[in-house]
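Q: Before I ask anything, here is the structure I am working with.
The values are calculated or read from the model by the stated rules, or taken from the named source; none is laboratory data. Owing to the predicted nature of the structure, the values given are computational and were not obtained by experimental measurement. Don't worry about glycine lacking a Cβ; one is built from the backbone with ideal geometry, like all the others, and counts go over all protein chains shown.
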Amino acid sequence: MIAADGLPAEILPADFTFIAERGVNLEDLNSCDGMVTLCTVAIAFTGSIVLTHGPGEGARRLTLVPDRHLCIVRAQQIVETVPEAIDRLIPFATHPLTFISGPSATADIEMTRIRGVHGPRFLDVVMVR
């Protein structure tokens, strides 16, 4: 599992080995079990998390390539609605943002549905105080 750079060590289990984000290449991203990040805000109404890609949130490529994303959300980061999240994101108006609301999906001409085309197929969220 890859840990985003800037993720506080005290929130990671001591008996589990994480790979630091700064040392990974594309092959590592393609073959890893997943990644763990923080987020800037979480939206209860939509079940979305929002990343500004600051410390602990990982570079954009970290959140788009691996198959599983574990996001640690602090209780004070949770808002009820999208407008409340946008208000909290005003300081990041010129930053690239990533909104994750679950796996992406697409279908080909034969209507074969594929999940996780652009980003992880599995998003797990752990809320902490």
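Q: Among the listed residues A85, A44, identify the single one that is over 24 Å from A3 (Cβ atoms), among the small types (G, A, S), buried (at least 16 other Cβ atoms within 10 Å of the Cβ) and in contact (Cβ under 8 Å) with a residue 12 or more places away in the chain. Before the answer, list the steps.
A: On the way: A44 fails: buried (at least 16 other Cβ atoms within 10 Å of the Cβ).
After ruling out the rest, the residue left standing is A85.
Q: For N25, work out the one condition from (1) touching a Leu at 6+ places or on another chain (Cβ under 6 Å); (2) farther than 19 Å from R129 by Cα it doesn't fulfil.
A: (1)
Q: Name the residue that is farthest from H53 (Cα to Cα), counting only residues in the stretch 1-21 that are at pLDDT 90 or above and of a type in the set (D, E, K, R).
A: The extreme case among them is E21.
Q: Just name the residue that is surrounded by the fewest Cβ atoms within 10 Å (Cβ to Cβ) out of those in the stretch 88-114 that are within 12 Å of I43 (Cα to Cα), at pLDDT below 95 and out of contact with any helix residue (DSSP H, G or I) (no Cβ under 8 Å at 6 or more places or on another chain).
A: If we take residues in the stretch 88-114 being within 12 Å of I43 (Cα to Cα), at pLDDT below 95 and out of contact with any helix residue (DSSP H, G or I) (no Cβ under 8 Å at 6 or more places or on another chain), then S101 is surrounded by the fewest Cβ atoms within 10 Å (Cβ to Cβ).
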